[in-house]
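Colleague: Here you go, one structure.
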Amino acid sequence: MWTRPPAISPAAALLGPTMGRSATQADPNDPGARMTSPLLRTAGLAVAGLALLSACSGGRPAVADLETGLTSNASIFPVAEQQAECAAELLLDSDLSDEVLTVVAEADQEAEADLSAEDRSMLATLQVQVLQTCTG
């Protein structure tokens with residue numbers, strides 16, 4: 001016995017396989033309807049991944065980056081090469097913010113001028129600690 005297919009309005013025909021319903025309400029047996037949901041999820045995951053990567057691109061510098069900044073001629077926290085690894089580890093273990101550590105790692109004298117009095121004081125205290133702890 002033949003049954004008449006359901007009537008489709010012109011608007012529903014333009015909206016595609018979901019016929020005006022959201023992808024979660026679409027007929028699970030319709031392959032066109034199932035394509036919509038994974039595609040949207042993939043796009044959403046891609047956007048979320050890019051946002052996460054851009055948010056994490058900063059962070060605390062690595063020990064090697066700090067060593068380079070500490071032994072640079074332009075260093076704002078100069079140490080001898082023999083003390084560099086120890087000093088870098090002390091700085092990373094300190095309460096200095098990631099931004100201050102980046103200024104040290106990059107030996108950025110312009111950014112040093114923008115450091116707060118609290119950050120400068122903490123750096124001075126850490127320099128004394130480095131001299132007492134990191135004998136190379």
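Colleague: Please tell me if ALA124 is surrounded by 14 or more Cβ atoms within 10 Å (Cβ to Cβ), on the phi < 0 side of the Ramachandran plot and part of a helix (DSSP H, G or I). I'd like the intermediate steps shown before the answer.
Modeller: Numbers: surrounded by 14 or more Cβ atoms within 10 Å (Cβ to Cβ): no; on the phi < 0 side of the Ramachandran plot: yes; part of a helix (DSSP H, G or I): yes.
Spelling it out, it is not the case that ALA124 is surrounded by 14 or more Cβ atoms within 10 Å (Cβ to Cβ), on the phi < 0 side of the Ramachandran plot and part of a helix (DSSP H, G or I).
Colleague: Ok, one more. Regarding VAL79, is this residue crowded, with 19+ Cβ neighbours inside 10 Å and modelled with pLDDT under 95?
Modeller: yes
Colleague: Check ASP93 against each of (1) without any contact (Cβ under 8 Å) to a residue 12 or more places away in the chain; (2) more than 13 Å from PRO61 (Cα to Cα) and name the one condition it does not meet.
Modeller: (2)
Colleague: Provide a single number: the residues in region 59-74 that are buried (at least 19 other Cβ atoms within 10 Å of the Cβ) and in a loop (DSSP other than H, G, I, E, B).
Modeller: 1
Colleague: Within region 93-121, can you find the residues that are in a helix (DSSP H, G or I) and either surrounded by 15 or more Cβ atoms within 10 Å (Cβ to Cβ) or hydrophobic (A, V, I, L, M, F, W, C) (or both)?
Modeller: Result: VAL100, LEU101, THR102, VAL103, VAL104, ALA105, GLU106, ALA111, GLU112, ALA117, ASP119.
The values are calculated or read from the model by the stated rules, or taken from the named source; none is laboratory data. Computed from a predicted structure; not experimentally measured. Backbone-built Cβ (ideal geometry, glycine too); neighbour counts: all protein chains shown.
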